[in-house]
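Q: I have a structure here, written as structure tokens, and I will follow up with some questions on it.
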Amino acid sequence: MSLPVVFRPPAEAELEEAQGWYEERTRGLGQEFVTCVQATIEVVSRNPEQFPRVDGEVRRALVRRFPYAVLYLADPESVAIIAVFHTSRDPVGWQGRAR
């Protein structure tokens, strides 16, 4: 059973920005990025406890093929995506979103 997934606005904006960046580099790569992120989120929604905690209750799932992580909060009813974050960036950019 999969939990419903809710994107917080900053995470949605990050996903769109990264998709645009990849699409500018190579046509079709932006969609491949989104497909990989969606696959990661599907795994998260099926088994959110599978991924490690990185800051309090925030968990991190790495995206295959791309240097991005999906950061999320899970409760018994849903998964909240708080960031789609490049792994080289300073985590301070997403750490305040968990509250």
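Q: In segment 43-57, which residue that is more than 12 Å from Ala74 (Cβ to Cβ) and among the hydrophobic types (A, V, I, L, M, F, W, C) is modelled with the lowest pLDDT?
A: Filtering first and then ranking leaves Val54.
Q: Check segment 6-23 and report whether any residue there is hydroxyl-bearing (Ser, Thr, Tyr) and more than 20 Å from Ser88 (Cβ to Cβ).
A: no
Q: For residues that are more than 10 Å from the chain's Cα centre (by Cα) and either under 19 Å from Thr35 (Cβ atoms) or of a type in the set (S, T, N, Q) (or both), tally how many sit in segment 70-89.
A: 4
Q: I've got another one for you. Can you work out which of the residues in segment 3-25 that are touching an Asp or Glu at 6+ places or on another chain (Cβ under 9 Å) and over 19 Å from Arg60 (Cβ atoms) is surrounded by the fewest Cβ atoms within 10 Å (Cβ to Cβ)?
A: Only one residue fits best here, namely Pro4.
The values are calculated or read from the model by the stated rules, or taken from the named source; none is laboratory data. Keep in mind it's a predicted model, so treat the numbers as computed, not measured. With ideal geometry, Cβ positions are generated from the backbone for all residues, glycine too; neighbour counts draw on all protein chains shown.
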